[in-house]
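J.: Shown below is the structure under consideration.
The values are calculated or read from the model by the stated rules, or taken from the named source; none is laboratory data. Keep in mind that what you see is a predicted model, and the values were worked out from it rather than measured. Cβ placement follows ideal geometry from the backbone for every residue including glycine, while neighbour counts extend to all protein chains displayed. Side chains included, ligands, DNA and RNA excluded: accessible areas come from the protein's heavy atoms. Shrake-Rupley method; radii C 1.70, N 1.55, O 1.52, S 1.80 Å.
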Amino acid sequence: KIITHGADRETARRKLERALASCEVVGVQTNLGLLRAIITEPDFAAGDVETGFIARRPHLLAAETEADPISLAAAALAILAQDEPDADPWSARDGWRLNLPLLRRVQLQSGEMIFAITARPDGALTWGGAAHTAERVQGGIRLDGALHRLTVLHDAGRIVVIRNGLNRVFSRVDMLSPPRAAISGPGRVIAPIPGRIAFVLVAIGDAVTKGQTLVVMEAMKMELTLTAPHPGVVTAINGAVGDMVGEGAELVVLEPSKA
């Protein structure tokens with residue numbers, strides 16, 4: 001628990017806001033995002049608090065944890081630092097090439113979003129069509145000339161950027177790996193790339209479990225396994241063995257289980 005005190009309620013609230021912003025917790029789930037959303041809510045600051053405070057403000061439960069430019073740049077710099085040459089130049093992963101500009105590329109995933117980032121020797125990072133200057137400094141990064149305090153940690157193969165008491169989690173996407181075997185949303189399984197349906201392993205009315213193989217596609221001399229994103233019942237199959245399908249084609253529709 002974190003408890004603050006002051007001469008009046010507003011002083012204590014501001015102290016608590018600063019205390020929550022300074023918390024750094026990785027590896028376990030916390031409610032830091034919710035607490036920070038509550039403490040900064042104008043109604044809370046005004047003292048308009050009652051037992052249904054959170055229930056009447058559902059936006060508090062959706063505290064912002066998605067990638068932002070500052071956290072994205074910090075994660076990219078941390079990944080690039082790992083690739084820098086060490087004592088053994090043959091083990092370096094810095095993208096060196098003969099008589100060509102040194103352009104280093106990295107892909108980072110945050111939630112369902114994947115960001116393709118290019119780094120130049122002068123410290124410029126480019127993603128989403130925009131260029132930024134970025135460098136690591138003591139206690140944070142400098143992005144486009146502005147200093148931002150943050151902490152970057154490596155946790156179970158992920159990059160966690162802690163800023164203002166909130167965690168942004170990134171994972172590195174292997175740029176040489178095959179396309180993702182399943183791209184799906186709530187109740188939908190879609191083709192990740194154009195290809196041919198090789199196998200359909202379910203029928204309408206089948207109950208399936210999360211991760212169960214539904215369809216196998218052939219594309220680019222590979223087999224792509226499309227799996228169920230959640231437990232449910234198959235309500236539609238849009239295609240048969242041998243059909244050619246385009247990228248993004250919805251192949252299977254699932255009705256989520258009510259259990």
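J.: Taking PHE44 as the residue in question, decide whether it is surrounded by 15 or more Cβ atoms within 10 Å (Cβ to Cβ), under 30 Å from GLY145 (Cβ atoms) and at pLDDT 75 or above.
T.: Details: surrounded by 15 or more Cβ atoms within 10 Å (Cβ to Cβ): yes; under 30 Å from GLY145 (Cβ atoms): no; at pLDDT 75 or above: yes.
Taking the combined requirement at face value, the residue does not satisfy it.
J.: Out of (1) loosely packed, with under 12 Cβ neighbours inside 10 Å; (2) closer than 30 Å to LEU108 by Cβ; (3) of a type outside the set (Asp, Glu), the odd one out for SER71 is which?
T.: Answer for SER71: the failing condition is (1).
J.: Only one residue in SER91, SER110 is surrounded by 15 or more Cβ atoms within 10 Å (Cβ to Cβ) and either modelled with pLDDT under 90 or more than 30 Å from ALA37 (Cα to Cα) (or both), so which one is that? Break it down stepwise before answering.
T.: Working: SER91 fails: surrounded by 15 or more Cβ atoms within 10 Å (Cβ to Cβ).
Exactly one of SER91, SER110 is surrounded by 15 or more Cβ atoms within 10 Å (Cβ to Cβ) and either modelled with pLDDT under 90 or more than 30 Å from ALA37 (Cα to Cα) (or both), namely SER110.
J.: Which condition from (1) at pLDDT 90 or above; (2) open to solvent by less than 20 Å² (accessible area, probe 1.4 Å); (3) of a type outside the set (S, T, N, Q); (4) over 21 Å from GLU24 (Cβ atoms) is the one that ALA124 breaks?
T.: It fails just one condition, (1).
J.: Same structure, new question: Give me the residue from segment 132-158 that is under 10 Å from ILE70 (Cβ atoms) and of a type in the set (A, V, I, L, M, F, W, C) and, out of that set, surrounded by the fewest Cβ atoms within 10 Å (Cβ to Cβ).
T.: ALA146
J.: Of the numbered conditions (1) open to solvent by less than 90 Å² (accessible area, probe 1.4 Å); (2) modelled with pLDDT under 90, ALA12 satisfies every one except a single condition; which is it?
T.: (2)
J.: Output the residues belonging to segment 68-88 that are assigned to a loop (DSSP other than H, G, I, E, B) and modelled with pLDDT under 70.
T.: Taking segment 68-88 first, the residues assigned to a loop (DSSP other than H, G, I, E, B) are 68, 84-88.
Of everything in segment 68-88, those that are assigned to a loop (DSSP other than H, G, I, E, B) and modelled with pLDDT under 70 turn out to be GLU84, PRO85, ASP86, ALA87, ASP88.
J.: Additional query: Quick one: would you say THR4 is at pLDDT 90 or above, more than 19 Å from VAL173 (Cβ to Cβ), part of a helix (DSSP H, G or I) and of a type in the set (S, T, N, Q)? Walk me through how you get there before you give the answer.
T.: Details: at pLDDT 90 or above: yes; more than 19 Å from VAL173 (Cβ to Cβ): yes; part of a helix (DSSP H, G or I): no; of a type in the set (S, T, N, Q): yes.
So THR4 does not fit the description; no.
J.: Of the residues that make up segment 176-190, is at least one modelled with pLDDT of 85 or more, farther than 30 Å from ILE117 by Cβ, small (Gly, Ala, Ser) and not in a strand (DSSP E or B)? I'd like the intermediate steps shown before the answer.
T.: Kept after step one, since they are modelled with pLDDT of 85 or more, are these residues of segment 176-190: 189-190.
The next check asks that each one be farther than 30 Å from ILE117 by Cβ; those that pass are none.
Looking for residues that are modelled with pLDDT of 85 or more, farther than 30 Å from ILE117 by Cβ, small (Gly, Ala, Ser) and not in a strand (DSSP E or B), one finds none in segment 176-190, hence no.
J.: Shifting gears a bit: Here's a check for you: in segment 225-254, which residue that is open to solvent by 30 Å² or more (accessible area, probe 1.4 Å) and not in a loop (DSSP other than H, G, I, E, B) is farthest from GLY211 (Cα to Cα)?
T.: MET244
J.: OK, next. Can you tell me which residue within segment 19-41, out of those that are without any contact (Cβ under 8 Å) to a residue 40 or more places away in the chain and surrounded by fewer than 12 Cβ atoms within 10 Å (Cβ to Cβ), is farthest from VAL161 (Cα to Cα)?
T.: Within segment 19-41, the first condition is being without any contact (Cβ under 8 Å) to a residue 40 or more places away in the chain, and the residues that meet it are 19, 28-31, 34-35, 37-41.
Okay, now just the ones that are also surrounded by fewer than 12 Cβ atoms within 10 Å (Cβ to Cβ), so 28-29, 31.
On the way: VAL28: 15, GLN29: 15, ASN31: 17 Å.
The qualifying residue farthest from VAL161 (Cα to Cα) is ASN31.
J.: Looking only at segment 209-221, which residues are exposed (fewer than 13 other Cβ atoms within 10 Å of the Cβ) and touching a residue at least 24 places away in the same chain (Cβ under 8 Å)?
T.: Selection gives MET220 alone.
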